[in-house]
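Note sheet for the following structure.
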Amino acid sequence: MNRYFLIAFGMVAIGLSLTGCSSNPATGGKDIAFMSKDDEKRIGDENHPMILKQFGGEYDDPDLKSYVKSLGQVLAASSELPDIKWTFTLLDSDVTNAFALPGGYVYVTRGLLSLAETEGQLAAVIGHEIGHVTARHGAQRQAQGTLAGIGAMGASILGSIFVGPDAGRAIGQLANVGAQGYLASYSRDQEYQADELGIRYNGRIGFTPFGMSEFLEKLDSEKGLIAKLRGQAPRGSSYLDTHPPTPDRVVRARKLAQKTPVEKPLDGRDIYLSKIDGMIWGTLRNKVMRAMVLLRTKILTFYSVFLIILHFLILLSGSSPMARKMHPLVLIWVLKTMVALCETTFAKPGQEMLGWKALRQ
């Protein structure tokens with residue numbers, strides 16, 4: 001019995017003694033982590049290709065990718081870790097999502113861009129993910145998970161000593177549930193902290209500090225709409241939830257924004273809407289439709305050139321009866337094709353087919 005007791009006690013003691021502590025400039029608190037910053041960078045480097053594969057790769061729009069990266073770099077430069085290598089990626093996914101990997105990897109989806117309405121809202125989301133990196137939340141969760149697992153194993157051994165092996169397994173299972181709940185709670189605290197850091201970075205570069213609460217309100221509305229469309233009741237919060245209830249985050253973010261003075265804050269609505277204009281919205285079907293529109297635009301262009309050449313050939317052929325009959329018909333088709341081409345090229349997203357309708361009339 002003494003031997004088992006010493007083993008259990010030693011496991012818990014080892015877990016506590018292995019904990020590394022250092023001051024975090026972003027949070028002002030102590031980091032409890034087993035991995036170094038080089039380890040975090042290695043984890044990010046190793047997982048980045050898998051993230052790209054899982055989410056369909058980067059969105060194929062050089063200008064929009066450059067916009068997201070430049071906005072991210074400005075925000076990162078205002079953080080407490082401006083000198084690490086930051087990588088900002090726009091993922092080709094219609095799911096509303098944003099997340100970060102240790103080592104400076106930040107991801108947002110085109111689905112999230114379609115939900116945001118201003119540059120300040122997007123900056124708040126990117127700032128939130130930067131906050132996860134600067135606060136070293138990934139390393140801290142790994143450390144807390146290790147300690148929670150060691151504690152659960154120790155509880156199982158102690159249970160076996162005092163109440164028998166079967167009851168010991170039951171105690172171990174209960175301890176594991178407790179560990180999960182502790183880690184879920186820890187993650188909720190991380191989300192609140194990342195919200196705070198995102199608001200901080202937003203304010204530092206001149207954006208409205210209310211961008212975070214504005215986006216969270218839109219996110220909550222989207223979740224309610226999706227639940228309604230699926231005929232489901234909005235799900236309440238759970239003890240094991242990793243994210244806090246969105247309404248609670250909205251309230252907290254708004255209070256923090258009120259305490260974050262920014263002189264002449266910007267929201268960048270017009271700039272943002274111009275940047276995402278023409279971005280694909282929705283699923284693969286929308287991408288296929290967009291590709292078809294681009295193909296039809298090319299076909300219309302070649303068709304227009306062909307008809308113009310044909311028109312000039314008829315003019316050069318002289319005043320034969322066939323030329324006199326063909327001339328007005330070809331001229332009408334040239335004009336209709338040019339109109340269809342213009343309507344297809346300059347149409348708003350979702351209205352590109354108007355050009356083909358005009359051509360068939």
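The values are calculated or read from the model by the stated rules, or taken from the named source; none is laboratory data. It should be emphasised that the depicted structure is a prediction, and the values quoted were computed from it without experimental measurement. Cβ: placed from backbone, ideal geometry, glycine included. Neighbour counts: every protein chain shown.
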**Complete:** Taking first residues from segment 38-57 that are closer than 23 Å to Ser93 by Cα and second residues anywhere that are charged (D, E, K, R) and modelled with pLDDT of 90 or more, the pairs with Cβ under 8 Å that are 6 or more apart or on different chains are Leu52/Glu58; Phe55/Asp92; Gly56/Asp92; Gly57/Asp92
**Message:** Regarding segment 59-67, can at least one residue be identified that is touching a Leu at 6+ places or on another chain (Cβ under 7 Å), assigned to a helix (DSSP H, G or I) and modelled with pLDDT of 90 or more?
**Reply:** yes
**Message:** Considering only residues that are of a type in the set (Val, Ile, Thr) and modelled with pLDDT of 95 or more, which ones fall in segment 166-204?
**Reply:** Ile199
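Here is a yes/no grid of residues against (1) in contact with a strand residue (DSSP E or B) (Cβ under 7 Å, 6 or more places away or on another chain); (2) outside any loop (DSSP other than H, G, I, E, B); (3) of a type in the set (Ser, Thr, Tyr):
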| residue | (1), (2), (3) |
| --- | --- |
| His48 | yes, yes, no |
| Lys69 | yes, yes, no |
| Ser79 | no, no, yes |
| Pro82 | no, no, no |
| Lys85 | no, no, no |
| Leu90 | yes, yes, no |
| Gln121 | no, yes, no |
| Val133 | yes, yes, no |
| Ala139 | yes, yes, no |
**Item:** Every residue from segment 92-119 that is within 22 Å of Pro25 (Cα to Cα) and assigned to a loop (DSSP other than H, G, I, E, B)
**Value:** Pro102, Gly103, Gly104
